[in-house]
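First up is the structure itself, then whatever we jot down about it.
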Amino acid sequence: MEFHMQVSLIIVLFVFGPTTILSSSSVSSNGLSEIPFKLLDFAQKPQVFDWMVGIRRKIHENPELGYEEFETSKLVRAELDEMGIDYKYPIAITGVVGFIGTRKPPFVAIRADMDALAMQEMVEWEHKSKVPGKMHACGHDAHVAMLLGAAKILKEHEKDLQGTVVLLFQPAEEGGAGAKKMINGGALENVNAIFGLHVANHVPIAEVASRPGPFFAGSGFFEATISGKGGHAAIPQHAIDPILAASNVIVSLQHLVSREADPLDSQVVTVGKFQGGDAFNVIPDSVRIGGTFRAFTRESLMQLKQRIKEVIMGQASVQRCSATVNFLEDEKPLSPPTINHKDLHEHFRNVAGDMLGIQRVKDHQPLMGSEDFAYYQEAIPGYFFLLGMADDKLGPLHVPHSPHFQINEDALPFGAALHASLAIRYLLELQQEVPLPAQEYHDEL
């Protein structure tokens, strides 16, 4: 890709200081590739690193669940105020949207989620969660710290940004569809593309991993009550057994994947909850089951949803029971699959390769976990990647959603610098290779 010499020279001079290490003849070919490395060097400065670590630990000590992130949001706003960064608040109850740059097109967004999980932390350390039954067990505390780190980097270079970087601090990623509420609140107005990341316990430190196309599965949840007629276990002929009906339902649900889905279209249906009966010798009146379903296309998700209801109702009827099915759409809305834009994948590889070395930019197989970043990708081109934090010196790190989950804080500068570099390079390249959605620009920012 060719770049206008004057634009590239301005950015290079600003990022690299008054005395550029590049000659004017090499700016267009080498200048852009130097930006990520220089931004990483800035993020790894002790004062910047320690500042990010301090923010992450404050948030970790005070975890808040989805749409309850009031103190976390307050901390974010205080840091943005300190840096002189304009923002909108509230969006999606506790969300914050910041703006750095010209306030004019093009716009590119970078995002962090803020919510914690309802679980008790089992890691004994100085900054353990102070809130019983709540823990940052998915790394969102680190995500917020890294996005604030990126904000600090970008603010240092604001006068030379060729457009606007939008900072999205999002609530309720863990099943609350916070991204959807952010979109409904106008967070993506004027935005052409968006980037996001997640810390990864299995990817080595100073490495990243992702892929074009489907990366994380879409997901939904269901709950069903199967009602029969209670009675004594010794005389089942006088009862209608909902436990037997529920057992047949569970077996039949597995056939949706093994016998109805294309083997090349990965899908999952799992029943993780089965509640019914309190005594050894009593057939209960009803049983409750619940579970999740996953797929990599919205079409497959909707097909699974339809068939799950049909199977539950039909199998219950076969066993002389009745059934009601609830897909919990108010509490846990259907999450679409996370599908990375193919052109943004090339942008990511170029930027991350310039920062880390292309050998440290790994391809990753699709994952059946879900990520509500996908809502953004349904609206505009988006890209999501994994940030490595595994280190042999620390030993194996536990998986997310474990009460023993830990963050390798050495990953924070990499995440901050990647956020900033992806945004700066995207604006510099003026989206010459990325198709932009047609939209009207609004100037009220």
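Read-outs: derived from the displayed coordinates by stated rules, not from any lab. As the structure is a computational prediction, the values presented were derived from the model and not from experiment. When we count neighbours, we look across all protein chains shown, and the Cβ atoms used for this are built from the backbone with ideal geometry, even at glycine.
Rg of the Cα atoms in segment 218-326, relative to 2.2 N^0.38 Å, amounts to 1.14. Taking Cα centre as origin and charging only the Cβ of basic (Lys, Arg, +1) and acidic (Asp, Glu, -1) residues, the dipole magnitude of the chain rounds to 620 debye.
Sequence-distant contacts, meaning Cα pairs under 8 Å at least 6 residues apart, place the relative contact order of segment 218-326 at 43 percent. About the centre of its Cα atoms, segment 235-341 shows a dipole size close to 80 debye [charges on the beta carbon of Lys, Arg (+1) and Asp, Glu (-1) only; nearest 20 debye]. Averaging the Cα positions of each part gives two centres, and for segment 49-109 and segment 166-232 these lie 19 Å apart.
With neighbours defined as other Cβ atoms within 10 Å of a residue's Cβ, the residues Asp262, Asp391 order from fewest to most as Asp262, Asp391.
Selection among Val251, Leu301, Ile339 by position relative to the dipole of the chain gives Val251 as farthest towards the positive end (Cβ unit charges, Cα centre).
The alpha-carbon of Lys128 sits under 22 angstrom from the alpha-carbons of these lysines, leaving out residues fewer than 8 places away in its chain: Lys58, Lys74, Lys393.
Going from the residue with the fewest nearby Cβ atoms within 10 Å to the one with the most, Ser421, Ser402, Ser370 rank Ser402, Ser370, Ser421. For Lys273, the lysines whose Cα falls under 25 Å of its own Cα, not counting residues fewer than eight places away in the same chain, are Lys134, Lys229, Lys305, Lys309, Lys332. Only DSSP H runs of four or more residues enter the estimate; each adds -39500 (n - 2.57), and after division by the residues of the chain the mean residue ellipticity at 222 nm equals -11000 deg cm²/dmol. Relative to the longest principal axis of the Cα atoms of the chain, the long axis of helix 412-428 makes an angle of roughly 70 degrees. To the nearest ten degrees, helix 140-156 and the longest principal axis of the Cα atoms of the chain are 20 degrees apart. With contacts taken as Cα pairs under 8 Å at a separation of at least 6 residues, the chain carries a relative contact order of 23 percent. Helix 242-255 axis versus longest C-alpha principal axis of the chain: approximately 40°, rounded to the nearest ten. Grouping the Cα pair distances of the chain into 10 Å bins from zero gives a pair-distance distribution of 4, 20, 28, 23, 13, 7, 3, 1, 0, 0 percent in increasing distance order.
Taken as Cα centroids, segment 252-266 and segment 279-332 sit 16 Å apart, rounded to the nearest whole angstrom. For segment 304-398, a Kirkwood hydrodynamic radius built from all Cα pairs, placed in the Stokes-Einstein relation at 4 °C and 1.567 mPa s, yields a translational diffusion coefficient of 74 µm²/s. Between Ser210, Gly220, Val144, the Cα set farthest toward the positive side of the dipole of the chain (charges on each charged residue's Cβ, about the Cα centre) is that of Gly220.
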